[in-house]
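First the structure, in the form of structure tokens, and then the observations on it.
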């Protein structure tokens, strides 16, 4: 048995020293030291040795195991060092070459248009405010002349959390919150995310954005509203853009109107985008209802005001001739890189 152990060591030394890959090393480890390896097979025969021979052979077997393990470790290290040296020799790096610039991201078209909106209105003396997206029914509806029995609530498709708490359906609650905290004169816009239970398609989404505007002061008239919005449209879409106002009804404004702008694609001649009408609906607006002013503690005999609200997604689509709202939310780099 002693001769067999010495023969195993000699064979392992030679084979391991000639191994040329990590795979060969692993095969030799299994061959000599594995559960079914040659050394293990010898050790299984130790039961037939005498009491005097057993410790001698056991010690020799341990020496052989340690020697083979050391050979494997050394040869593995040699192969790793050789591979590293070969790779370093083949990889020539010119440290004098200029670095590669990292790719720069692009601003989202939504943010581009929103910044234009802010710049235009800030230039006209408006403040930019923000408010909670989880809103009270009191601010979202009741203070805006829509009590719990009002039929206008049915058109909102509201996400209710409980009877009195909801995801806001419009940014109009910030008109109320602003008028409660600040007395006239007031000039503010409020861009923000709103929620309605709409099915997702090219022009609808359950999550979208609005921008609300409010002006309250002495002597504010509908002419001021028209002039403000016409100036806004011309600054955003160009001096050739035209607007028109159509009578409408909103519970929180009186009188109320919807404002259209001339179709940017056909210039008002009529095309599929504007459905042949030459006009595209842009926003709703009107004079703040006297009761809404009174609800906020503002004297409606002394002060008047106007308000307007528009969907930012629609404005972005019109600004960049985008025909599907879903493109604004998919984060497809092929789309975003165009802006």
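Out of curiosity, is residue 337 within 30 Å of residue 175 (Cβ to Cβ), surrounded by fewer than 19 Cβ atoms within 10 Å (Cβ to Cβ) and in contact (Cβ under 8 Å) with a residue 24 or more places away in the chain? The answer is no for residue 337.
Here residue 244 meets the list (1) within 22 Å of residue 173 (Cβ to Cβ); (2) more than 33 Å from the chain's Cα centre (by Cα); (3) touching a residue at least 12 places away in the same chain (Cβ under 8 Å); (4) in a strand (DSSP E or B) almost entirely, failing just condition (1).
Note on region 8-45: among residues that are free of Cβ contacts under 8 Å to residues at least 24 places away in the same chain and outside any helix (DSSP H, G or I), the one that is surrounded by the most Cβ atoms within 10 Å (Cβ to Cβ) is 37. Elements of the type helices (runs of 4 or more DSSP H) sitting completely within region 46-145 and holding at least 3 residues that are within 30 Å of the chain's Cα centre (by Cα) and touching a residue at least 12 places away in the same chain (Cβ under 8 Å): these cover 109-123, 137-140.
Yes/no per residue for (1) farther than 26 Å from residue 279 by Cβ; (2) in a loop (DSSP other than H, G, I, E, B):
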| position | (1), (2) |
| --- | --- |
| 171 | no, yes |
| 175 | yes, no |
| 179 | yes, no |
| 187 | yes, no |
| 194 | no, no |
| 210 | no, no |
| 219 | yes, yes |
| 226 | no, no |
| 229 | no, no |
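So that you can scan it fast, the table gives a plain yes or no per residue for (1) within 30 Å of residue 323 (Cα to Cα); (2) within 29 Å of the chain's Cα centre (by Cα); (3) at pLDDT 95 or above:
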position: 187; (1), (2), (3): no, no, yes
position: 198; (1), (2), (3): yes, yes, no
position: 225; (1), (2), (3): yes, no, yes
position: 237; (1), (2), (3): yes, yes, no
position: 250; (1), (2), (3): yes, no, no
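Tell me, which residue of region 260-291 that is at pLDDT 95 or above and in contact with a helix residue (DSSP H, G or I) (Cβ under 7 Å, 6 or more places away or on another chain) is surrounded by the fewest Cβ atoms within 10 Å (Cβ to Cβ)? It comes out as 287.
Residue 140 meets the stated requirement of being surrounded by 10 or more Cβ atoms within 10 Å (Cβ to Cβ), in contact with a helix residue (DSSP H, G or I) (Cβ under 8 Å, 6 or more places away or on another chain) and on the phi < 0 side of the Ramachandran plot. Taken together, 310, 259 contain a single residue that is in contact (Cβ under 8 Å) with a residue 60 or more places away in the chain, in a strand (DSSP E or B) and within 34 Å of the chain's Cα centre (by Cα), which is 310. Just to be sure, is residue 101 out of contact with any strand residue (DSSP E or B) (no Cβ under 9 Å at 6 or more places or on another chain) and outside the structural domain of residue 11 (by TED's automatic domain parsing)? The answer is yes for residue 101.
The values are calculated or read from the model by the stated rules, or taken from the named source; none is laboratory data. Every value quoted in this text rests on a predicted model; they were computed, and no experiment measured them. So basically every Cβ, Gly included, is an ideal-geometry build from the backbone, and we count neighbours across all protein chains shown.
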